[in-house]
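Undergrad: This is the structure I have questions about; it appears just below.
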Amino acid sequence: MKIGNVETANNVFLAPMAGVTDMPFRLICKEMGCGLTYTEMASSKAFHYSHERTHMIARLSVKERPAAVQIFGNHPDVMAETASKICSEGYADLIDINMGCPAPKIIKNGEGAALMLNPALAASIMKAVVESSTVPVTVKMRKSWDDSGQGADAVYMAKLAEENGAAAVAVHGRTREQYYSGKADWEVIRRVKDSIEIPVVGNGDISSPEDAKGMLEYTGCDAVMIGRAAQGNPWIFSRTIHYLDTGQLPPEPSAIERIEMALRHLSDMVEYKGEGVGVREMRKHIGWYLKGLRNAAEMRERINKLEGYQEVRETLINYLQNQFTETVPTKRLSEEERTL
């Protein structure tokens, strides 16, 4: 699949998620075959003031290319400046404009999904970013603000994006008022696809390979974007790609594979962010990896009280050895791990 001059390996993408799609997680998803990764959304205002944490959010690895950096803001000039800075660093293959975030702290500043209430400003931002960027620009949006008709819907916004030079759009089939509840409306994605010529990426309620195939067939969209279903389950990318290619559904990962991936993810996170931040941020990921496993609630409670990398690692290894190694076949632990 091509977005502008960027060619992706396939049409199964990772959705940008605040607090989730940092570099360690993106690289794992990439290894699982994900066709395109997106960073967490980065504030254009923070970029303007050279905020270090924001620069870290937007930092990419050459190992994950092609990859997109998602930015948000409500000032065309500042958004354009941010896009230019990101392009100058040389790693971003795409710049994505966030026009879908429903969080109150984003909305109150007229950013994210609030731009669907102000299509004229949205158009100005898209035009400014496209003109300042040396890579293709995409836009992620929601179905609409709500179901009452306030503001512009995704069809209108997608046409604006195309008119102002965007290379593709992604549509989440929920309104801002829905947040992440209720059912995603795939019909609006189909209508967007019918209304524009640039590629359309469908997002919302893709929890399985079968869902991905269903969205592609129902909407005619060019790619699917998987968000919450990838949390603790990066295998959804390899399983979905295989299913779309062959019609055969690979098995779910075993309990041991999930715990081993949690251990690997923990190590990567601590190496990238340091022990304190890495361990704290891994707590939610570990909870997702363990979801549905034997004694998972007890393990989550225990891990959420631990501060050190070695403590968490040893706790996971002991859980793995005591609960699963005698019953679930998988690759063998290293000698170092077996002796802990």
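Undergrad: Can you tell me which residue in segment 248-305 is most open to solvent (accessible area, probe 1.4 Å), limited to those that are farther than 30 Å from Glu210 by Cβ and of a type in the set (Lys, Arg)?
TA: Lys305
Undergrad: If you don't mind, there's one more thing I want to ask. Looking at (1) open to solvent by 10 Å² or more (accessible area, probe 1.4 Å); (2) within 30 Å of Thr240 (Cβ to Cβ); (3) not hydrophobic (A, V, I, L, M, F, W, C), can you tell me which one Lys108 breaks?
TA: (2)
Undergrad: Could you give me the residue pairs with C-beta distances under 6 Å whose first residue belongs to segment 263-287 and is touching a residue at least 60 places away in the same chain (Cβ under 8 Å), whose second residue is hydroxyl-bearing (Ser, Thr, Tyr) and surrounded by fewer than 20 Cβ atoms within 10 Å (Cβ to Cβ) wherever it lies, and which are 6+ apart or on separate chains?
TA: Cβ pairs passing all conditions: none.
Undergrad: Does segment 65-79 hold any residues that are over 13 Å from the mean Cα position of the chain (by Cα) and either farther than 24 Å from Ser124 by Cβ or surrounded by fewer than 21 Cβ atoms within 10 Å (Cβ to Cβ) (or both), and which are they?
TA: If the condition is that a residue be over 13 Å from the mean Cα position of the chain (by Cα) and either farther than 24 Å from Ser124 by Cβ or surrounded by fewer than 21 Cβ atoms within 10 Å (Cβ to Cβ) (or both), then Arg65, Pro66, Asn74, His75, Pro76, Asp77, Val78 are the ones that fit.
Undergrad: Next question, about the same structure. Tell me which residues, restricted to segment 186-205, are open to solvent by less than 10 Å² (accessible area, probe 1.4 Å) and within 15 Å of Ala15 (Cα to Cα).
TA: Val200, Val201, Gly202, Gly204
Undergrad: Please give the number of the condition Pro16 fails out of (1) buried (at least 21 other Cβ atoms within 10 Å of the Cβ); (2) touching a helix residue (DSSP H, G or I) at 6+ places or on another chain (Cβ under 6 Å).
TA: So Pro16 meets the others, but not (2).
Undergrad: I'm checking my understanding of the structure. Among residues of segment 207-243 that are farther than 18 Å from Lys30 by Cβ and outside any helix (DSSP H, G or I), which one is least open to solvent (accessible area, probe 1.4 Å)?
TA: Cys221
Undergrad: Based on what the data block shows, is Leu117 of a type in the set (A, V, I, L, M) and open to solvent by 30 Å² or more (accessible area, probe 1.4 Å)?
TA: Considered against the rule, which asks whether it is of a type in the set (A, V, I, L, M) and open to solvent by 30 Å² or more (accessible area, probe 1.4 Å), Leu117 comes out as yes.
Undergrad: State which residue is farthest from Asn233 (Cα to Cα) when the search covers only segment 23-42 and only residues that are open to solvent by 10 Å² or more (accessible area, probe 1.4 Å) and of a type in the set (D, E, K, R).
TA: Per the criteria, the residue is Glu40.
Undergrad: Here's a follow-up. Answer with yes or no whether Lys45 is over 30 Å from Asn118 (Cβ atoms) and either open to solvent by 10 Å² or more (accessible area, probe 1.4 Å) or part of a strand (DSSP E or B) (or both).
TA: no
Undergrad: So, of the residues in segment 48-60 that are among the charged types (D, E, K, R) and either within 19 Å of Glu111 (Cβ to Cβ) or outside any loop (DSSP other than H, G, I, E, B) (or both), which turns out to be nearest to the chain's Cα centre (by Cα)?
TA: Selected residue: Arg53.
Undergrad: State which residue pairs qualify: first residue over 9 Å from Ser132 (Cβ atoms) and small (Gly, Ala, Ser) and inside segment 71-95, second residue open to solvent by 20 Å² or more (accessible area, probe 1.4 Å) and not in a helix (DSSP H, G or I) in any location, beta carbons under 7 Å apart, and separation of 6 or more residues or different chains.
TA: Gly73/Ser43; Ala92/Val135
Undergrad: Okay, moving on. Is there a residue being at positive phi, in contact (Cβ under 8 Å) with a residue 24 or more places away in the chain, surrounded by fewer than 18 Cβ atoms within 10 Å (Cβ to Cβ) and out of contact with any strand residue (DSSP E or B) (no Cβ under 6 Å at 6 or more places or on another chain) anywhere in segment 158-166?
TA: Looking through segment 158-166, at least one residue is at positive phi, in contact (Cβ under 8 Å) with a residue 24 or more places away in the chain, surrounded by fewer than 18 Cβ atoms within 10 Å (Cβ to Cβ) and out of contact with any strand residue (DSSP E or B) (no Cβ under 6 Å at 6 or more places or on another chain).
Undergrad: Out of everything in segment 124-135 that is hydrophobic (A, V, I, L, M, F, W, C) and either under 24 Å from the mean Cα position of the chain (by Cα) or surrounded by fewer than 17 Cβ atoms within 10 Å (Cβ to Cβ) (or both), what residue ends up being farthest from Leu94 (Cα to Cα)?
TA: Ile125
Undergrad: Please verify whether segment 140-157 includes one or more residues that are in contact with a helix residue (DSSP H, G or I) (Cβ under 7 Å, 6 or more places away or on another chain), closer than 18 Å to Glu197 by Cβ, surrounded by fewer than 24 Cβ atoms within 10 Å (Cβ to Cβ) and not acidic (Asp, Glu).
TA: yes
The values are calculated or read from the model by the stated rules, or taken from the named source; none is laboratory data. Computed from a predicted structure; not experimentally measured. Heads up, the Cβs are rebuilt from the backbone with ideal geometry, glycines too, and the neighbour counts pull from every protein chain shown. Accessible surface areas use protein heavy atoms only, side chains included; no ligands, DNA or RNA. Shrake-Rupley method; radii C 1.70, N 1.55, O 1.52, S 1.80 Å.
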